[in-house]
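Only one structure is covered here, and it is reproduced in the block below.
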Amino acid sequence: MDFLKLFLRSISLLPSLVQGVEALYGAKSGVQKKDAALSIVSSSINMADAVSSKQIADSARFTAGLNLIVDGVVQCLNASLWAKDLPAD
């Protein structure tokens, strides 16, 4: 599968991943939950990277970008009605 398609499919799953991490690690800090989400996403992207002939040239910048995406998803979810059903951190 084309790397871009696989990457975009992975990114589209981030809201459910963040919700799942929240459900599993609800008592943990926000940083711990973010690290768990990044670990899961990074693992799937690293697997895609291995399969797609190393299309990630700068893994540090790539990881920093994923970090921003996860932060954005969390901000969107926290600003939505979804956050009203969750206990505060």
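Fully extending the segment from Ala60 to Ser16, taken as 0.36 nm per residue of separation minus the present Cα-Cα distance, adds 13.4 nm. Take the Cβ atoms of Ser29 and Asn67, set R0 to 22 Å, and the FRET efficiency comes out at 0.90.
Each value in this text was obtained by applying a stated rule to the coordinates, not by laboratory testing. Note that the coordinates shown come from a computational prediction; the quantities given were computed from them, not determined experimentally. Because the Cβ atoms are built from the backbone with ideal geometry, glycine has one as well, and the counts that use them run over all protein chains shown.
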